[in-house]
1. Restricting the stretch 76-115 to residues that are crowded, with 18+ Cβ neighbours inside 10 Å and of a type in the set (S, T, N, Q), which is nearest to residue 428 (Cα to Cα)?
2. List the helices (runs of 4 or more DSSP H) that sit entirely inside the stretch 44-99 and contain at least 2 residues that are away from the ligand (no atom under 16 Å from the Cβ) and farther than 20 Å from residue 315 by Cβ.
3. Any idea which residue in the stretch 100-122 is farthest from the ligand (Cβ to nearest atom), counting only those that are in a loop (DSSP other than H, G, I, E, B) and among the β-branched types (Val, Ile, Thr)?
4. From 186, 128, 163, 139, which residue is assigned to a helix (DSSP H, G or I) and within 16 Å of the ligand (Cβ to nearest atom)?
5. If you take the residues of the stretch 194-232 that are farther than 28 Å from residue 142 by Cα and in contact with a helix residue (DSSP H, G or I) (Cβ under 7 Å, 6 or more places away or on another chain), which of them is nearest to the ligand (Cβ to nearest atom)?
6. Considering the stretch 245-258 alone, what residues qualify as being within 13 Å of the ligand (Cβ to nearest atom) and under 21 Å from residue 350 (Cα atoms)?
7. Under 8 Å by Cβ, and 6 or more places apart or on different chains, what pairs join a residue from the stretch 279-290 that is farther than 17 Å from residue 355 by Cα with one that is within 14 Å of the ligand (Cβ to nearest atom) and among the charged types (D, E, K, R)?
8. So, in the stretch 259-318, exactly how many residues are of a type in the set (Ser, Thr, Tyr), in contact with a Lys or Arg (Cβ under 9 Å, 6 or more places away or on another chain) and within 16 Å of the ligand (Cβ to nearest atom)?
Amino acid sequence: MMLKRYSAIALFWIAFSSVIATGAQTSPFSAEAKQKAESLLKQMTLDEKVGQLNESSGLVIPGLAKEKPDDLIAKGGVGSILWQMDVKEINRLQHIAVEKSRLHIPIIFGFDVIHGYRTVFPVPLAMASSWDPSVEEQAQHLAAQDARAAGIDWTFTPMVDIARDARWGRIVEGAGEDPVLGSAMAQAQVRGFQGPKLGQDSVLVTVKHFAGYGAADGGRDYDSSYVPEELLRNVYLVPFHAAVQAGAGGIMSAYMDLNDVPASGNHWLLTDVLRKDWGFQGIVLSDALAVGNLVTHGYASGGEDAAYKAITAGLNMDMASLTYSQNLAKVVKDGRVSEAYIDQMVLPILEAKFDLGLFDHPYVDEASVDAVLNRPEGIALERKLAGRSMVLLRNENRTLPLSKDLKKIAIIGPLADAAHDIEGGWTVEGLFGKGSKSHPVTVLAGIRNRLGTDAQITLVAGPQPSKVYTSMLDQFTGAKSTPPSTPQETAEWIAKAKAAAADADLVVAVMGETASMSSEASSRASLDLPGIQEQMLEAIVGVGKPVVLVLENGRPLDIHWASEHVPAILEAWYPGTQGGDAVTDVLFGDVNPGGKLPVSWPSASGVEPLYYNHNLTHDPEDRPSFTSRYWDVSSKPLYPFGYGLSYTAFKFSNLHLSKNRMSVSDGNEVSVDVTNTGSIAGDAVAQIYIHQRYGSASRPVRELKGFERVLLQAGETKTLRFPLGTEQLHFWSPQSKTWVVEPSDFDVWAGGDSTASLHAEFKTTQ
Ligand code: BGC
């Protein structure tokens, strides 16, 4: 058995080498770095090699790390450190590595720089709502400069997991439900962090969580995923592959079982797909403790077996479990894995360190950190990008934009002045509970900034939304669970909210979820507005004054009542440090909203998972009977994928294909005119969808195949063009188990969301 496995590994490397020569990924690392790494490797002992495969915790926390990693570093036993943000401590540890370890190999410091460092950008789901990849690229470029200045060389970003279920807490960290939009955002983040090539100003990325994590059963974080190969290939793996093609240097393996094999010990995933099919030549890092947890999953019999299974699956570096550190050398000495194989696993780590310039410049310049992190251009960029990320969901009777002459405003809701929440979760300083040095602008502060002292602004925050259990972010900040309000408390808050509304010309309700209600280990069964927010909202609408609902949240929520009764709804997500000013820019019309939903918005919690690119049933919903719809609510989204309003209006026309008939190996082009039919400038997002009518497999009712966000002046028309070639038409056929473009008839739609009606068709032939 052992021998069998060993020879399989040997064979793999022969195959892998030939893939490297012709592989799909150009190596993320330079030829010079490769040469230097090879020669350094020759001087390394087995223990030093294993040391490079170990990422140690920089935090000493019971259950995580018992002691500081000083001794291990001095012995050459640490390749990387994570969860250490104190620049003095980073330098101290780096001095040990560079001065005391035998070969003076610097440490690469890693952390989750998800949406900014000190200047916090909108959460990833928000940035995806911009439908403008340059938003991600600009944000992550600035974040990279900040992170690098603060000693972080490696970020555990981007999260490119497709999320089709809003109950899953980590939906906030990704780009939503669509593989094409997700790929564009993934590639933009790789470019933003790594730049044209890795160097002293760039940060190595880790594309995560490979793969299928977003398909967790019931949306419960960490739960098993069962995703057939065709769905993986056609949907879940697509943004990962795109990121690899863009030159991503790192991939993080996911926590959960994928089709019964934990992702961090999954040879098919980490070797067959990632390295053989895609030619990936970078570093596979486990998720935190995931190698050790192969035992917890019931997949490995103990630490040694876990190390063996993870390394032979193709996983280079063990994050924080010390399983490699404690077992790998033995596995090699026992002859179960060759040292040559270990060499292959070490090389990309050394290559990354050379390219990042760590051998020449290992230390942080402590004196300049604050100046870099507080750059004013970061603040200005944040406000601009937040404005581009917001989605206007409803605007009856032109409630928005608001008049700048408003004199009396009531601002209601627990998120109106919640400085920590407006930045969302996974913020560098927020996670470490030191409070934010970024000075976030809340919506209340933004409106005050805008209207000055002439206006009377009344705040009724209401109680903190209740939460039965704490979630991951609460453990970092020390927050406790929040009990529900008593009937008396509820009545008192409602009375205060109604009185404030009655005395105002307009009400701005700022509601949603607190930041810790989203993200890791923050799934939920219901999508309601938590706590008594819905009751407060219904009460203030009952007063009869115009109400604008500003949502701050990390997932779509059940707002079906609001969607019929609140005249204006603006989805701000968690808009970041300048969020309050950016919300105000949109509310008062200085920014015309152009964001679109990256997810299908449910009308009720029970309709999840919900996604637009599902297959047809034998009796589709539009037919009168025997339908797959629920009998109590529509299974159609409240707001479709791709939807979002503007203060102007757009018309799509002249949809043309360059060919009405083409061979399967040929290319086609769609063109469509977009006209701004309103009286002010605004951004439209043109979206192209296709449907293959028949073939070797049922294909989704619609699939996004191209999009572009364009600015149009009042009355202006632009003609936009999108390719429809192999890349857009191919799919992984479950029958042939290959990528195919098939002879068939295709529908094409163009418009402003996934229900677009402007239609054309074409045929592909053999
Ligand atoms: C998360 C990862 C994260 C890692 C390191 C894990 O719990 O799943 O997304 O990168 O911690 O912070």
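1. Result: 84.
2. On the way: elements: 46-52, 70-74, 87-95.
Filter on the stretch 44-99 gives 70-74, 87-95.
3. By that ranking, first place goes to 105.
4. Values: 128 fails: within 16 Å of the ligand (Cβ to nearest atom); 163 fails: assigned to a helix (DSSP H, G or I); 139 fails: within 16 Å of the ligand (Cβ to nearest atom).
Just one listed residue meets the conditions, 186.
5. Only one residue fits best here, namely 221.
6. Those that are within 13 Å of the ligand (Cβ to nearest atom) and under 21 Å from residue 350 (Cα atoms): 250, 251, 252, 253.
7. Sorted first by the residue in the stretch 279-290, then by its partner, the pairs are 285/55; 286/318; 287/208.
8. Summing the residues that are of a type in the set (Ser, Thr, Tyr), in contact with a Lys or Arg (Cβ under 9 Å, 6 or more places away or on another chain) and within 16 Å of the ligand (Cβ to nearest atom) in the stretch 259-318 gives 1.
The values are calculated or read from the model by the stated rules, or taken from the named source; none is laboratory data. What you are looking at is a predicted structure, and each value in this text was computed from that prediction instead of being measured. Because the Cβ atoms are built from the backbone with ideal geometry, glycine has one as well, and the counts that use them run over all protein chains shown.
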